[in-house]
Amino acid sequence: MVEIAVIIALLPLLAFVIQIFFGKRLPRQGDWVSIGAIVSGFGLSLYLFIQMLTRYDPGFVITESFTWIDLGSFKINLGIYLDNVSITMLMVVTIVSSLVHIYSMAYMEGDPRYSRFYAYLSLFSFSMLGLIIWDNLFGIYMMWELVGLCSYLLIGFWFEKDSASNAAKKAFITNRIGDFGFLFGLLIVVTAIGSFTLTDIAEGVASGKLSGGWLTAAGILLFCGAIGKSAQFPLHVWLPDAMEGPTPVSALIHAATMVAAGVYLVARLFFMLSLDAMIFISYIGAFTAIFASIIAVTQNDIKRVLAYSTVSQLGYMIMALGAGSFTAGFFHLVTHAMFKAGLFLGSGSVIHAMHHAMHKLDVHDDPNDIRLMGGFKDKMPTTYRTFLIYTLALSGIPFFSGFLSKDAILGGTLAFAVSQSNPIHYLLPVFGFAAAILTAFYMFRLVILTFHGEPQRKDLYENIHESPKTITIPLSILAVLSIFIFYTLPGINPFSAAHGWFEHLMAAPASAVAQFSGHPVVDISEHTAHSSHTLAMIISIIVALSGILTAFAIYYWKKMDVEALTEKMGVLYRLSYNKFYVDEIYEATVVRGLLMWNNLLSWFDNAIIDGLVNLTAWITRHTSALSGKFDNAVIDGMVNEIADITQGFGRQLRRVQTGQIQTYIFAAVVGAVVIILVRLV
Amino acid sequence: MDNVSSIKFFIPELFLTVAVIAVIIAGLINKNKNKFLIPGMSVAALLGTVILSFTQYEMGMNSLFFNMTVLDPMSVFFKILVAAATIWIVLFSLQQHMKVEYYILLLITNLGMFLMASANDLLMILVSLEVVGLSSYVLAGYYKNNMKSSEASLKYVLYGAASTGIMAYGMSILYGLTGETNLAAIQQQLLTQQPYNLTVFISIILIFAGFGYKIAMVPFHFWVPDVYEGAPTPITAFFSVAPKAAGLALLIRFMTTVVGHQLAPGAAEWLQNMDISAPLLIAILSVLTMTLGNTIALQQKNVKRMMAYSSIAHAGYLLMAFVVFNKEGYAAIMLYLVFYLLMNFGAFFIIHMVAQKLGSEDIETFYGLGYRAPFAAVSMAIFMFSLTGLPPLAGFIGKFYLFAAIINGHWYWLAVAGVLNSVISLYYYAGVARAMFLVKTETKDAVSFQTFDKILIATLVIPTLVFGIYWTPILELTMRSIKLFAGN
């Protein structure tokens, strides 16, 4: 089993190596190598997945490790940790990645760096799959950084565009800030427990080697990594800009997999989160959920709306994990990966069509702008239908996957609030429901403006065509996977996944913190959980429908004038439209501050460090010159002297008997004598 | 153990001897009709020897031929190391179409090094050193018509003769003091008889002259630059690793018997038999060796000569680990040798390939090579940075364990000196990388190398990369090799 998991991860690495070195020379620029690797990976994951379903054991874990570094007292073991969560995650990543690989054949066709694109995709798949299966934080950290690197390469894939290369840099640097926290958390854990391995850490926490404030600090610091990768407030700024990358990349990395890595990390570390850390995590998630969905309401770029929606949905997952709803959080990760990847690929299909239309008419405008679209549903029926399904799933409408997971999250946070003594925690479900209204609203705003109503630009509209099969087939597959039935089996209740395989198999891991303290970290009685669930379900259906109705009222039936509404909302509109000026605030404080600090450092560097370095270099240079001179002047000089004296002995003889060797032997004997003399003295 | 019962512990050496005879006969019959017969036979012989040696790991510790030699895991380790090194050299000389003698001499040198790795008697040490020495002299002067090569050979002979003489003199003093030639017996005598301290010191210094010449230790290094520059490059690569490794095996053996003893059998630490400040002496010599090697290497314009000085510097790094006088130090030396073999061979091979194509070993030849021969240039850069000891390359791991050993032994000033030296060495190693990638040249035409050579380089560059990340198997091998040995 472990071997299979390793092969799944290594196949794309192999593809990457082949692609980067020989890609250009292969037929079809080698896209089949990458596609073959990831689709085989998908096949193997499917095998593991089916095994998991037939086993049907919630407690299944298998680990295998080997010693990587052994320095006596310090040891690093590396290994593989496979459980239901990682197998499911393997499945999600390989499905989405395979579809994106196939989709890219059409989308990236004719790109001058076509083979390079597939090489990067393969490298990314490798690092993501590796991240999933490592059994230790060291390996996870390594892959984590590699994922960040791939993200940088792929966002900046069209680096000729300034905006793309800037976005790539922004993503990388913003992620580094979070990773800095991750690193510190890692150091705390290793210092306290002495091992990177998850099982060792669990044991260490359970036996109290790491507890109290340090445990909370470690939890929060490790979570900082997730704040960066999963684009949580205040490090969410990179994700919307990352939409500069090719759309398949947005679907793979910035919707389904890499951003989910942060959530996955929190799920992996769930066993070591103290209550304080969990509350911190939950609030970060809840705030991000509402904050990003407010911004999404006013954006006009189709991908940016989806980007903010992703940020908001990731906030949901984080909030759920923080509130102790492990299964719900991870559930939403899986369902969201499917329909959000679908939404991005669908938007890519639209952009692709727009791009072609603009190209044909020689119009230079933004192909992402929804104000130029409208009425596309007749022109692109498959794209429209699948897009609608994803939207329904994202809005949390029954019969679709998103309803099940979102409902589980809202129920979980409500139960958490009920079971905590402090009533302030009701903020969590309130934020959650508010974000749910907004989600339904902005998603239908997007659908209506793009696909319904009158075409805004007749000329473009006439030239819009449905995308080719390599694009529509992945869309259809993802749409099918957004139906509730895949997550509730063997149950068929569209309103609850409680009896489905997912809820059964993805049980929350035993909390090591609880084991140490002797009482559960979050104590939710079954009754509370059940009643909260029912209540949350009713509210969330009402909330979703009202969001949809509002969207229809404003944009479809035009009951309200958009302009007037904008006027009326005034400040709020401007805040939302300008993304709460977060970028501007960072620019004025962090960036400016760093520049000043940078200037100071560079002065210090130039004036003082360089002076020292130059001095040292000067000394070294002269010592070595001296030493070289000694060799040249004294040794060679003696040699030359002797050579001069023996000049008369003829050419051949002189060449052999330069006398050098006498000097050499003489020096050796003198050396030995000097050593002995030094000893005598 | 008597001679007859020793035979079954001597199979690799016997196999090699038979192989030498077989190669001689094949050479007589073949008359150079088949270019690949002799090298092929040599490689097969060496491979067979390596495999046979591997089976000896399980044999534990044995004294052979009335204690003239020993068979222990440490000697097996060195035997495998030198035989593997020779295989690379044979393969690398393949394009040269050397005569039969060349291969025979390499095999005989190998036999000598096997004896060096297992010698346990002053006489055996002398004999094995001479076997290696005599065939090395001929190999250094293999290009008879090349003045530089002949000169190298002659210098090597004279210098070797002188240092062997000094060593033999030292040995005679030691024999006079103890009345024994067997190393273990000398140890016992020194411990029980307590002869005059200074005389013992003098004899050990004189013997060190012989070892120092073999491993290129200051002040017995003078022959190195000239011989390395003059000898055929594959032979230079060979000299820089294989005899040096065998010499270090001898030195380990000597340090753990004549110079030191263990408090209890199997202990990790050694104590000096007599207070002659051996660790301090070696510490000073190692600092001198690496500093001299590195600073003079800075001045070199010829890359091959630079590598000669660099190999002196590396002898200094290796010597450092002797000061701690424990198994950790010896294991570090053995680990470093494995990595040193890979990166040093790689560097010399590329210099050779470049010199063959472009006619010179000067640094100017390497200008812009990064654009003309990317594979060779990138490999060369990897070897250079590995030799410097930068992560994540094998050289870093090797140096890491050397420094870890001396820091654990509280030799902080020595560690500082070692690190400073690594910094100095970065300058000239990086200088080669700079020449290859940052210097723009007029000629842009590609330099193409034989696929066979490229594969050979790959067999060196891949382990250099892989061991930089995952070296546990090699570490375990060295640990296993040092666990039980005749010094116990």
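B:GLU101 sits with roughly 90 Å² accessible to a 1.4 Å probe, with DNA, RNA and ligands left out of the calculation. Using only side-chain charges placed at the Cβ, +1 for Lys and Arg and -1 for Asp and Glu, the dipole size of the protein assembly as shown relative to its Cα centre rounds to 1880 debye. Here the accessible area of the range A:148-188 is 74 percent carbon and sulfur, with a 1.4 angstrom probe and all protein chains present.
Residues of the range B:188-204 that bury at least 40 Å² of accessible area when the other protein chains are present, relative to the chain alone (probe 1.4 Å, heavy atoms, ligands and nucleic acids excluded): B:LEU198, B:PHE201. Here chain A is assigned +1 on the Cβ of each Lys and Arg and -1 on the Cβ of each Asp and Glu. Its dipole about the Cα centre then comes out at about 720 debye. Classify the range A:1-132: rounded, prolate or oblate, from the alpha-carbon gyration tensor (a ≥ b ≥ c, eigenvalue square roots; a/c under 1.5 rounded; otherwise prolate if a/b is larger than b/c)? Oblate is the answer for the range A:1-132, as a/c is 1.5 or above yet b/c matches or exceeds a/b.
With a 1.4 Å probe and all protein chains in place, put A:ARG176, B:ARG305 in order of accessible area, largest first.
So, going from the largest accessible area down, we get A:ARG176, B:ARG305.
Accessible surface for A:TYR118 stands near 0 Å², nearest 10, in the context of the full protein assembly shown (1.4 Å probe).
Across the range A:442-451, computed HN-Hα scalar couplings (Karplus, 6.51 cos²θ - 1.76 cosθ + 1.60, θ = phi - 60°) run 5, 5, 6, 4, 4, 4, 5, 5, 7, 9 Hz from first to last residue, x flagging Gly and Pro. Here the protein assembly as shown carries DSSP beta bridges of which approximately 100% are antiparallel, counting only pairs with both residues inside.
Among the trypsin sites (Lys or Arg not before Pro) found in the range B:417-455, those both in a DSSP coil and sparsely packed, with 13 or fewer other Cβ atoms within 10 Å of their Cβ, are B:LYS440, B:LYS444. Here the label points at A:PHE60 and A:GLU563, each 7 Å from Cα along the C-beta direction, are separated by 6.1 nm in the simple model.
At 1.4 Å probe size, put B:VAL259, B:VAL416 in order of accessible surface, largest to smallest. Numbers along the way, then the final one.
Working: B:VAL259 5, B:VAL416 85 Å².
My answer, sorted largest first, is B:VAL416, B:VAL259.
Computed with a 1.4 Å probe over protein heavy atoms only, the accessible area of B:ASP445 comes to about 90 Å². Shape index of chain A: Rg/Rh, with Rg the Cα radius of gyration and Rh the Kirkwood radius from the inverse mean 1/r over Cα pairs, equals 1.12. A full extension of the chain between A:ILE4 and A:SER531 corresponds to an added length of 185.5 nm, given 0.36 nm per residue minus the alpha carbon distance.
When chain B is described by a simple charge dipole with +1 on each Lys and Arg Cβ and -1 on each Asp and Glu Cβ, the residue from B:TYR367, B:SER149, B:ASN273 located farthest towards its positive end is B:TYR367. The mean accessible area for residues of chain A, using a 1.4 Å probe and ignoring ligands and nucleic acids, is 41 Å² per residue. A dipole drawn for the protein assembly as shown from +1 and -1 charges on Cβ atoms has a positive end, and of B:GLN96, A:GLN232, B:THR178 the residue lying farthest that way is B:GLN96.
Heavy-atom accessible area buried between chains B and A is around 2800 Å² (1.4 Å probe, both sides summed). Nearest 10 degrees is fine. How inclined is helix A:84-107 to the longest principal axis of chain A, computing both from alpha carbons? Computed tilt is about 90 degrees. For the range B:277-488, the alpha carbon positions stretch 58, 34, 25 Å along the principal axes, listed from largest to smallest.
What shape does the range B:349-471 take by its C-alpha gyration tensor, where a ≥ b ≥ c are the square roots of the eigenvalues and a/c under 1.5 counts as rounded, a/b above b/c as prolate, and the rest as oblate? Let's see the in-between values first.
Numbers: a/c = 3.12, a/b = 1.85, b/c = 1.69.
Since a/c reaches 1.5 and a/b is larger than b/c, the shape of the range B:349-471 is classed as prolate.
What number in nm² do you get for the range A:394-449 if you take the convex hull of its Cα atoms and divide its surface by four? Answer in nm², one decimal: 3.8. With the full set of protein chains in place, find how many percent of the accessible area of the range B:277-488 is carbon and sulfur; take the probe as 1.4 Å. Of the solvent-accessible surface of the range B:277-488, carbon and sulfur hold 69 percent.
With a Förster radius of 60 Å applied to the C-beta separation of B:ALA268 and A:PHE399, the computed FRET efficiency comes to 0.25. Taken about its Cα centre, the range B:277-488 carries a charge dipole of roughly 60 debye when the Cβ of each Lys and Arg holds +1 and the Cβ of each Asp and Glu holds -1.
Of the listed residues A:ARG385, A:ARG25, A:ARG679, A:ARG304, the order by accessible area with a 1.4 Å probe, largest first, is A:ARG25, A:ARG385, A:ARG679, A:ARG304. How much accessible area per residue does chain B have, in Å², with a 1.4 Å probe? Value returned for chain B: 34 Å² of accessible area per residue. The shape of the range B:220-348 comes out prolate: with a ≥ b ≥ c from the C-alpha gyration tensor, a/c is at least 1.5 and a/b beats b/c. Across all directions, the average projected area of the convex hull around the alpha carbons of chain B is 21.4 nm². When both the range B:456-471 and the range B:322-354 are represented by their alpha-carbon centers, they are found 13 Å apart. With viscosity 0.890 mPa s and temperature 25 °C, the Kirkwood radius over alpha carbon pairs of the protein assembly as shown converts through Stokes-Einstein to a diffusion coefficient of 72 µm²/s.
The values are calculated or read from the model by the stated rules, or taken from the named source; none is laboratory data. What you see is a predicted model, and the numbers here were worked out from it, not measured in a lab. Here the Cβ is made from the backbone with ideal geometry for all residues, glycine too, and neighbour counts use every protein chain on show. The area values use the complete protein model at the heavy-atom level, side chains included, leaving out ligands, DNA and RNA. Shrake-Rupley method; radii C 1.70, N 1.55, O 1.52, S 1.80 Å.
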